[in-house]
Amino acid sequence: FGDRIKFNKNANKDFVNYYNGLSAMAGKDYRSAVRRLDSIIFNRELIESAYFYRGIAYFRMDIAKTEFLLLKYIDSSEDNEKEKIARYVLGQIYYLRGRTADALMLVEDCFTDDCKLLKAEISIGGQKYEEAEGFIGNIQGEKASKLRAAILYNKKDFEGALAELKKVPNPEAETDYLLMLTYLKLDMNEEAVLIYRKHFSDMKFFDTLTENLFLAGDYK
């Protein structure tokens, strides 16, 4: 519908690209979203608002561009909610790059559940398990269960860790690895082997499983 609207002024054409860009994002077509939003060049207000959406859209394609755009958005934004999201996304990027101090600085004043979980993840990386538990609190959801499981495993509460891991409906490889380790700690070797079989080509799973079974005397 937007493409059928014709404006004489180029500045007004920016509105078509802006809303079609948002529509593409809603449909998870991030490449089309980027193409649309990058075409906004005349309307200053839309350009500044688009920094946020462009940064989120580029997250799947160009992390460096996401960082650049979200930093520009934070510098100019007056929308507190979007700024919190921008800080959270940047915090994730910095955390994955090992820049934990920068990640914490970005989310220091953010107390949404996502920010609390990122703080907890950083605390777990620093082996500050009590601090991590404080950040998670009563938050529910898949990521919260994964982080609680990691805390409980490191505190040697393997039954508690197992209970949290069973709440994760679609575990990724790292979660399955922790699940396999938990089964081994609970002497549930057959269950551990079943988890390994899902990842039989991953040498980390193979090496860990065979070493633990050997040490447990399960030579068969």
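Of note, residue 106 satisfies the criterion of being open to solvent by less than 50 Å² (accessible area, probe 1.4 Å) and either at pLDDT below 95 or among the small types (Gly, Ala, Ser) (or both).
Can you go through 60, 44 and tell me which one is at pLDDT below 90 and touching a Phe, Trp or Tyr at 6+ places or on another chain (Cβ under 7 Å)?
Answer to the selection: 60.
Looking at the range 40-59, I want the residues that are closer than 12 Å to residue 17 by Cβ and free of Cβ contacts under 8 Å to residues at least 60 places away in the same chain and have a partner that is part of a loop (DSSP other than H, G, I, E, B) and open to solvent by less than 30 Å² (accessible area, probe 1.4 Å) with Cβ atoms under 8 Å, at least 6 apart or on another chain. Which pairs are those? Correct list of pairs: 46/40; 47/40; 50/40.
Can you confirm whether the range 66-80 contains a residue that is of a type in the set (Phe, Trp, Tyr), buried (at least 17 other Cβ atoms within 10 Å of the Cβ) and either part of a loop (DSSP other than H, G, I, E, B) or in contact (Cβ under 8 Å) with a residue 40 or more places away in the chain (or both)? No, that holds for no residue. Residue under question is residue 184, and the condition is that it be open to solvent by less than 40 Å² (accessible area, probe 1.4 Å) and assigned to a helix (DSSP H, G or I); does it hold? Yes; evaluated as a whole, the condition is true for this residue. Being among the hydrophobic types (A, V, I, L, M, F, W, C), open to solvent by less than 80 Å² (accessible area, probe 1.4 Å) and either modelled with pLDDT of 90 or more or over 27 Å from residue 115 (Cα atoms) (or both) is a description that applies to residue 93.
One residue alone among 8, 43 is open to solvent by less than 70 Å² (accessible area, probe 1.4 Å) and either on the phi < 0 side of the Ramachandran plot or not charged (D, E, K, R) (or both), and that residue is 43.
Flag set for residue 15, criterion: in a helix (DSSP H, G or I), in contact (Cβ under 8 Å) with a residue 12 or more places away in the chain, surrounded by fewer than 18 Cβ atoms within 10 Å (Cβ to Cβ) and out of contact with any Pro (no Cβ under 6 Å at 6 or more places or on another chain). Here the range 187-199 is the region considered, the condition is being acidic (Asp, Glu) and part of a helix (DSSP H, G or I), and the residue that is most open to solvent (accessible area, probe 1.4 Å) is 190.
The values are calculated or read from the model by the stated rules, or taken from the named source; none is laboratory data. Bear in mind that the values here come from a model prediction, so they are computed numbers and not experimental data. Here the Cβ is made from the backbone with ideal geometry for all residues, glycine too, and neighbour counts use every protein chain on show. SASA here: full protein model, heavy atoms, side chains in, ligands and nucleic acids out. Shrake-Rupley method; radii C 1.70, N 1.55, O 1.52, S 1.80 Å.
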